[in-house]
Amino acid sequence: MDAHELLTRNVSEVVTEAEVEALADDPEGKRAYVGYEPSGVLHIGHMLTANKLIDLQEAGFEVVVLLADVHAYLNGKGTFEEIADVAERMRDQFVAYGLDESQTEFRLGSEFQFDREYVTDLHQLELETSLSRAERAMSEIKSGDTVKVSQAVYPLMQALDIVYLDLDLAVGGMEQRKVHMLARDVLPKIDYDAPTCLHTPLIADLGTGIGKMSSSEGVTISMEDSTEDIEQKVNGAFCPPTRDPDPDDEGRERENPVLQIFEYHVFPRFETVVVERPEQYGGDLTYDDYESLADDLESGELHPADAKGALATYLDELIAPGRAQIVESRDGR
Ligand code: IYR
């Protein structure tokens, strides 16, 4: 797979096409990052952006994972002590998931976000940004009902991180796009470059295929799940025999989350996917790519129940190392 394909496969949006092409033409030593508010356990959303980081490493990029402890604090996620503890555990889970420690730079936001120079730039960005713009940027990220001043500062710090970590590419889920658009507008006003950005899709709610799967509502998959939990959740998932559950709806509000997980999680990490079936039902099916599996589901060759069985097995394999890591850290306390 060439660098351009590694950069752009399974993404919803790149900003801009031309900038990403330029990076793909000369990827060696370029720096990309994702920032995460530390939370106790990795869930399937974290794993999706981590898959893109693995693609970028394969393309020759240096990869930075920002454990955004100050951002989590500003977003009301706990005290600094609580967040520091959680950040450490999150780092170990990323390594267990497959982000090679020797190739990944793990950074804490608090290492540089209190420096005088950073804070001075932050205040300059505050002068350049309306409160309503900052608030809008946070619409998919903020926790709680009332917007706090801290949550208006948050996206400006996220913009500055891109400068201070010396990055060529900012990666995030689609919920981060408004923050990145703000960064593109506002950083040039204080003489920094507009960052190049890449956004990964959001997986729909597992049970309904509507909206996005989130750790706060509905069913999600996380590293804490046992094999049985995963089987049960996947078995209960919405999986009509089609890629496009409501073809008349231009907004494509309803998705097939089982197919999404095959596309964004399983095929990027496994060369072939085997769906086991008893001989009497036609025997095993083997797929080298997502499209042929989705075609078979649509044609009826692959039954949703068999697809779910295989999905649970592969997801379990992806999660097993992180799950073992969680058990180990709990036992060690
Ligand atoms: N907004 C992210 C966390 C975050 C991301 C980046 I990229 C930063 O530079 C800082 C924070 C979240 O919603 O988890």
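The values are calculated or read from the model by the stated rules, or taken from the named source; none is laboratory data. These numbers come from a predicted model, not from an experiment. Please note: Cβ atoms are built from the backbone with ideal geometry, for glycine as well, and neighbour counts cover all protein chains shown. Just the protein is used for accessible areas: all its heavy atoms, side chains included, with ligands, DNA and RNA removed. Shrake-Rupley method; radii C 1.70, N 1.55, O 1.52, S 1.80 Å.
Here are the numbers for this structure:
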quantity	calculated
Heavy-atom accessible area ranking, 1.4 Å probe, most first, across 69, 92	92, 69
Probe 1.4 Å, all protein chains present, accessible-area order of 33, 192, largest first	192, 33
FRET efficiency estimate (nearest 0.05) - Cβ-Cβ, residue 163 to residue 105, R0 22 angstrom	0.85
Residue 193 versus residue 17: modelled label distance in nm, points set 7 Å from Cα along the beta carbon direction	2.1 nm
Sequence-distant residues sharing a close amide H with residue 221 (under 5 Å, placed H)	44
Nearest-20 debye value, the range 20-101 charge dipole, Cβ charges on Lys, Arg, Asp, Glu	280 debye
Acute angle (nearest 10 degrees) that the helix 44-58 long axis makes with the longest principal axis of the chain, alpha-carbon atoms	80 degrees
0 to 90° range, to nearest 10: angle between helix 304-331 axis and the chain longest Cα axis	50 degrees
Chain lengthening between residue 79 and residue 2 when straightened (0.36 nm per residue, less Cα-Cα)	23.3 nm
Positive minus negative residues near residue 302 (Lys, Arg vs Asp, Glu; Cβ under 10 Å)	-4
The range 1-108: GluC sites (Glu not before Pro) in DSSP coil with no more than 13 other Cβ atoms inside 10 Å	28
Only Lys, Arg (+1) and Asp, Glu (-1) charged, at Cβ; the range 227-331 dipole about Cα centre in debye	440 debye
Theoretical ellipticity at 222 nm over the chain - DSSP helices of four or more residues, -39500 (n - 2.57) apiece, nearest 500	-14000 deg cm²/dmol
Solvent-accessible area of residue 292 with every protein chain in place, 1.4 Å probe, in Å² to the nearest 10	40 Å²
Length-normalised contact order for the chain - Cα pairs under 8 Å, 6+ apart - percent	18 percent
Gained length - residue 244 relative to residue 117, 0.36 nm times residue gap less alpha-carbon distance	40.8 nm
Most to least accessible of 316, 166, 145 (protein chains only, probe 1.4 Å)	145, 166, 316
Residue (of 199, 280, 235) at the positive-pole extreme of the range 181-308, dipole from beta-carbon charges	199
Leading residue at positive end of dipole, the chain (Cβ point charges), from 164, 122, 27	122
Per residue solvent-accessible surface (Å²) - the range 109-260, probe of 1.4 Å	48 Å²
Sequence-distant residues sharing a close amide H with residue 13 (under 5 Å, placed H)	199
Of 52/212; 52/148; 77/189; 178/308; 30/148, pairs whose Cα-Cα distance is over 28 Å	52/148; 77/189; 178/308; 30/148
Amide proton proximity set for residue 62, modelled H, under 5 Å, gap of 5+	29, 30, 31, 32
FRET E, pair residue 139, residue 280, Förster distance 56 Å, beta-carbon r, rounded to 0.05	0.60
Only Lys, Arg (+1) and Asp, Glu (-1) charged, at Cβ; the chain dipole about Cα centre in debye	1240 debye
Gaussian network model of the chain, Cα within-10 Å springs - most flexible of 246, 100, 168	246
